Amino acid sequence: MINRVHRFHGYGSLARVYRRSSAARGSGVSVRFAARSAGQPARAAVVVSKKVSKSAVTRNRIRRRIYEAVRVQWQPAAPVDLIFTVFDGQLAELPTGQLHQEVANLLQKAGQTGIE
């Protein structure tokens, strides 16, 4: 899990990012990103709807796996908001290496640098 400082708090903050963000799409997951004002921490969120899986266990598994991939790969260079939206339930069974590569590709498209 990423640090509490780098997580979203409250619905209004997500709505603001959805209104004024750009998007990059991968296979099974997309990322929306928007710049923040200087001096504020970068933040990330993962959204998995019930359309992906009716099971809360599966949705939470996907969410935890993506948060872990973001934690390992993401080094915020500038204040930015990232929202990862999952639209494929197969991410729950995707091998870890492929999932991390998918997240790294999305971070690169969003202008954020990964470790790899």
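The values are calculated or read from the model by the stated rules, or taken from the named source; none is laboratory data. Bear in mind that the values here come from a model prediction, so they are computed numbers and not experimental data. All Cβ positions, glycine included, derive from the backbone under ideal geometry; neighbour counts span all protein chains shown.
Of the residues screened, Ser30 is one that is surrounded by 17 or more Cβ atoms within 10 Å (Cβ to Cβ), out of contact with any Cys (no Cβ under 8 Å at 6 or more places or on another chain), part of a strand (DSSP E or B) and of a type in the set (S, T, N, Q). I'm trying to understand the selection: among the residues of the stretch 1-26, which are in contact with an Asp or Glu (Cβ under 7 Å, 6 or more places away or on another chain) and assigned to a loop (DSSP other than H, G, I, E, B)? Listed by number, the list holds a single entry, Gly26. Of all the residues that make up the stretch 17-27, how many are among the polar types (S, T, N, Q) and either over 18 Å from Gln112 (Cα atoms) or surrounded by fewer than 14 Cβ atoms within 10 Å (Cβ to Cβ) (or both)? Adding up the residues that qualify gives 2. So, in the stretch 56-76, exactly how many residues are surrounded by fewer than 18 Cβ atoms within 10 Å (Cβ to Cβ) and of a type in the set (Ser, Thr, Tyr)? Summing the residues that are surrounded by fewer than 18 Cβ atoms within 10 Å (Cβ to Cβ) and of a type in the set (Ser, Thr, Tyr) in the stretch 56-76 gives 1.
Of all the residues in the stretch 37-73, those that are assigned to a loop (DSSP other than H, G, I, E, B) and under 17 Å from Ala23 (Cα atoms) number 1. Can Leu99 be described as touching a Lys or Arg at 6+ places or on another chain (Cβ under 9 Å), assigned to a helix (DSSP H, G or I), over 24 Å from Tyr11 (Cβ atoms) and touching a residue at least 24 places away in the same chain (Cβ under 8 Å)? It is true that Leu99 is touching a Lys or Arg at 6+ places or on another chain (Cβ under 9 Å), assigned to a helix (DSSP H, G or I), over 24 Å from Tyr11 (Cβ atoms) and touching a residue at least 24 places away in the same chain (Cβ under 8 Å).
Of the residues making up the stretch 79-95, those that are touching a residue at least 40 places away in the same chain (Cβ under 8 Å) and either among the β-branched types (Val, Ile, Thr) or in a helix (DSSP H, G or I) (or both) are Val80, Ile83, Thr85, Val86, Gln90, Leu91. Looking only at residues of the stretch 77-98 that are surrounded by fewer than 17 Cβ atoms within 10 Å (Cβ to Cβ) and either under 13 Å from the mean Cα position of the chain (by Cα) or of a type in the set (Gly, Ala, Ser) (or both), we find that the one that is farthest from Gln108 (Cα to Cα) is Phe87. Of the residues that make up the stretch 8-16, is at least one surrounded by 12 or more Cβ atoms within 10 Å (Cβ to Cβ), modelled with pLDDT under 90, of a type in the set (D, E, K, R) and over 10 Å from the mean Cα position of the chain (by Cα)? Taking every residue of the stretch 8-16 in turn, at least one turns out to be surrounded by 12 or more Cβ atoms within 10 Å (Cβ to Cβ), modelled with pLDDT under 90, of a type in the set (D, E, K, R) and over 10 Å from the mean Cα position of the chain (by Cα).
For Gly111, are the conditions met, namely being on the phi > 0 side of the Ramachandran plot and either modelled with pLDDT under 90 or surrounded by fewer than 14 Cβ atoms within 10 Å (Cβ to Cβ) (or both)? Against the criterion (on the phi > 0 side of the Ramachandran plot and either modelled with pLDDT under 90 or surrounded by fewer than 14 Cβ atoms within 10 Å (Cβ to Cβ) (or both)), Gly111 qualifies.
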